[in-house]
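Chemist: Please see the structure below; I have some questions.
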Amino acid sequence: MAQINFGGVTEEVITSEEFSLQKAREVLADETVAVLGYGVQGPGQALNLRDNGINMVVGQRENSNSWDRAVADGFVPGQTLLPLEEAARKSSAIQFLLSDAGQVATWPKIKECLNPGDLLYFSHGFSIVYKDQTGIIPPDNVDVVLVAPKGSGRTVRTNFLDGSGINSSFAIHQDFTGRAKERTLALGIAIGSGYLFPTTFENEVYSDLTGERGILMGCLAGVMEAQYNLLRQHGHSPSEAFNETVEELTQSLIRLVAENGMDWMFSNCSTTAQRGALDWAPKFRDAVAPLFDDLYQRVLSGKETKRVLEANSAPDYREKLQKELDVIKNSEMWQTGAAVRSLRPERRQK
Ligand SMILES: NC(=O)c1ccc[n+]([C@@H]2O[C@H](COP(=O)([O-])OP(=O)(O)OC[C@H]3O[C@@H](n4cnc5c(N)ncnc54)[C@H](OP(=O)(O)O)[C@@H]3O)[C@@H](O)[C@H]2O)c1
C-alpha cells in the first residue's frame with residue numbers, strides 16, 4: 001500500500017502498479033467470476049474482466065434487452081451468458097450488479113446458490129447497510145466485499161479502453177476464507193481500477209447517496225435550473241441563459257477545474273469574474289449547507305433508501321420515470337440545450 005498525503009491527511013491506496021494485473025490473475029486463477037446483471041455497471045466490469053483474461057460468465061435474466069446486449073457484446077448463451085441462478089451456482093466469486101431494487105427481489109434465490117467459501121461482491125454498500133429494508137443478510141460462511149468504481153459503468157469501460165483506469169473504493173464486510181482482501185483487490189484491479197482506496201460499506205453508501213443527490217446530479221440540476229430561470233425572467237434569450245449556465249460550464253470551466261483545481265480556476269479567469277466568484281462562493285456554500293445537512297440525515301436514517309426501494313420496485317416504475325424524464329427533456333431549458341449542442345462546430349452539419 002502506498003501512503004498518500006491528501007491535503008494533510010495520510011491515507012493508504014493500492015495502485016495497479018503495486019497490485020499488478022498479473023498478480024490479480026494469479027489470485028483469481030482458480031475462480032470463476034459471475035457478473036450478475038448487465039445494466040450499467042455490469043457491462044463495464046464484465047467486459048474489462050473478460051479482456052483482462054479472467055475466467056468469467058455473465059448472469060442475466062432472459063428475454064430482456066440486457067440479455068440481447070450481452071449477446072451483442074460477444075457473450076455466448078449457455079456458455080458465458082447464463083440465467084442468474086445458473087451463473088451464481090457455477091461461480092465462486094459472485095458480483096451482484098443488479099439494480100439495488102433488483103438485488104432485493106432476487107436475493108432469496110441467489111442466496112440459495114452460494115457455497116461455503118464463495119465471495120459475494122457488491123459495488124454499493126446499499127444492500128448490506130440497509131439490511132433491515134433489503135433483507136440481504138449473507139450467510140456466515142462466505143466472504144462479503146465491495147469494490148465501488150467512482151464513476152458510471154460506461155466510464156469503467158471507456159477509461160479501460162483508453163488505458164487510464166477508474167478510481168474505486170473497496171471494503172471487506174465479512175472475511176470467512178481469510179483471503180477476502182486479496183480476492184477483493186484482485187477483482188478491483190481486474191475490473192479496471194487505476195487505484196483502490198479503503199472504505200467501509202457504511203461510508204461508501206452514505207457518501208455515494210449524498211454525492212449523487214448533491215453536487216453530482218441533484219444539486220447541480222437544481223442550481224442550473226434556478227440560474228437559467230432567473231436569467232429568463234429578466235429577459236435574457238434562451239441561448240444566452242443556457243450558454244451562461246450550462247454550456248460554458250461543461251465545455252470550458254469544469255474541464256479546467258478537472259485538470260488544475262478550483263484555486264487555479266480562480267486565478268486564471270478575468271479579474272472581474274475572480275472577485276465576484278470569490279465573494280459569492282461562501283454565500284452559496286452557506287445557503288445550501290442546511291439542505292446538505294437535511295440530505296445527510298435522511299441518508300443516515302434510511303429515508304432515502306426506503307424511497308428508492310418503494311419507487312423502483314413499483315411495476316410501472318419505468319413508465320413513470322419516462323414521463324418524469326420527458327418533462328425535463330421537453331422543457332425550454334433542455335430543448336435549448338439540444339439546439340446549443342447541435343451548434344457545436346464538431347456537430348454542425350456541413
Ligand atoms: N450505474 C452506475 O454506474 C453505478 C456506479 C457505481 C455503483 N453502482 C452500483 O452497481 C450496482 C448495479 O447498478 P447499475 O446502475 O448497473 O444497475 P441497473 O443498470 O439499474 O441494473 C439493471 C440490471 O438489473 C437487472 N434487474 C433489475 N431488476 C431485476 C429483477 N427484479 N430481477 C432480475 N434482474 C433485475 C436488470 O435486468 P433487466 O435489464 O432484465 O431489467 C439489469 O441487468 C448497484 O449496486 C449500483 O448501486 C452503479
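The values are calculated or read from the model by the stated rules, or taken from the named source; none is laboratory data. It should be emphasised that the depicted structure is a prediction, and the values quoted were computed from it without experimental measurement. Reconstructed Cβ throughout: ideal geometry from the backbone, glycine too, with neighbour counts over all protein chains shown. Heavy atoms of the whole protein, side chains included, go into the accessibility calculation; ligands, DNA and RNA do not. Shrake-Rupley method; radii C 1.70, N 1.55, O 1.52, S 1.80 Å.
Chemist: Considering only residues of the stretch 50-85 that are small (Gly, Ala, Ser) and not in a loop (DSSP other than H, G, I, E, B), which is nearest to the ligand (Cβ to nearest atom)? Step through it out loud before you land on a result.
Modeler: The first filter runs over the stretch 50-85 and keeps only residues small (Gly, Ala, Ser), leaving 53, 59, 64, 66, 70, 72, 74, 78.
Then drop every residue that is not not in a loop (DSSP other than H, G, I, E, B), which leaves 59, 66, 70, 72.
Working: GLY59: 9, SER66: 3, ALA70: 9, ALA72: 14 Å.
Among them, the one singled out is SER66.
Chemist: Oh, and also: Does VAL35 qualify as being within 16 Å of the ligand (Cβ to nearest atom), at pLDDT 95 or above and in contact with a Gly (Cβ under 6 Å, 6 or more places away or on another chain)? Walk me through it before giving the result.
Modeler: Numbers: within 16 Å of the ligand (Cβ to nearest atom): yes; at pLDDT 95 or above: yes; in contact with a Gly (Cβ under 6 Å, 6 or more places away or on another chain): yes.
It is true that VAL35 is within 16 Å of the ligand (Cβ to nearest atom), at pLDDT 95 or above and in contact with a Gly (Cβ under 6 Å, 6 or more places away or on another chain).
Chemist: Can you tell me which residues in the stretch 174-216 are of a type in the set (Gly, Ala, Ser) and on the phi < 0 side of the Ramachandran plot? Please lay out each step first, then the result.
Modeler: Step one: filter the stretch 174-216 for residues of a type in the set (Gly, Ala, Ser), giving 178, 180, 186, 188, 190, 192-194, 207, 211, 214.
Within the stretch 174-216, ALA180, ALA186, GLY188, ALA190, SER193, GLY194, SER207, GLY211, GLY214 meet the criteria.
Chemist: Would you point out the residue of the stretch 86-103, among those that are in a helix (DSSP H, G or I) and at pLDDT below 95, that is most open to solvent (accessible area, probe 1.4 Å)?
Modeler: Let us first name the residues in the stretch 86-103 that are in a helix (DSSP H, G or I), namely 86-89, 100-103.
Cutting the leftovers down to at pLDDT below 95 gives us 100-102.
On the way: ASP100: 38, ALA101: 13, GLY102: 18 Å².
So the residue we want is ASP100.
Chemist: If I filter the stretch 124-159 down to residues being of a type in the set (A, V, I, L, M) and within 26 Å of ARG69 (Cα to Cα), which single residue comes out as nearest to the ligand (Cβ to nearest atom)?
Modeler: Pass one, the stretch 124-159, residues of a type in the set (A, V, I, L, M): 128-129, 136-137, 142, 144-148, 156.
Remaining after also requiring within 26 Å of ARG69 (Cα to Cα): 146-148, 156.
Details: LEU146: 9, VAL147: 9, ALA148: 6, VAL156: 7 Å.
Among residues in the stretch 124-159 that are of a type in the set (A, V, I, L, M) and within 26 Å of ARG69 (Cα to Cα), the one nearest to the ligand (Cβ to nearest atom) is ALA148.
Chemist: Between GLU11, GLU17, which is of a type outside the set (Gly, Ala, Ser), assigned to a loop (DSSP other than H, G, I, E, B), open to solvent by 10 Å² or more (accessible area, probe 1.4 Å) and away from the ligand (no atom under 13 Å from the Cβ)? Walk me through how you get there before you give the answer.
Modeler: Numbers: GLU11 fails: assigned to a loop (DSSP other than H, G, I, E, B).
Going through GLU11, GLU17 in turn, just one is of a type outside the set (Gly, Ala, Ser), assigned to a loop (DSSP other than H, G, I, E, B), open to solvent by 10 Å² or more (accessible area, probe 1.4 Å) and away from the ligand (no atom under 13 Å from the Cβ): GLU17.
Chemist: Please report, ordered by residue number, the strands (runs of 3 or more DSSP E) entirely within the stretch 111-186 with at least 3 residues that are open to solvent by 50 Å² or more (accessible area, probe 1.4 Å).
Modeler: Values: elements: 119-122, 143-149, 166-174.
Output list reads 166-174.
Chemist: Answer yes or no as to whether ARG183 is within 13 Å of the ligand (Cβ to nearest atom) and among the basic types (Lys, Arg). Outline the logic, then answer.
Modeler: Values: within 13 Å of the ligand (Cβ to nearest atom): no; among the basic types (Lys, Arg): yes.
No: the conditions fail for ARG183.
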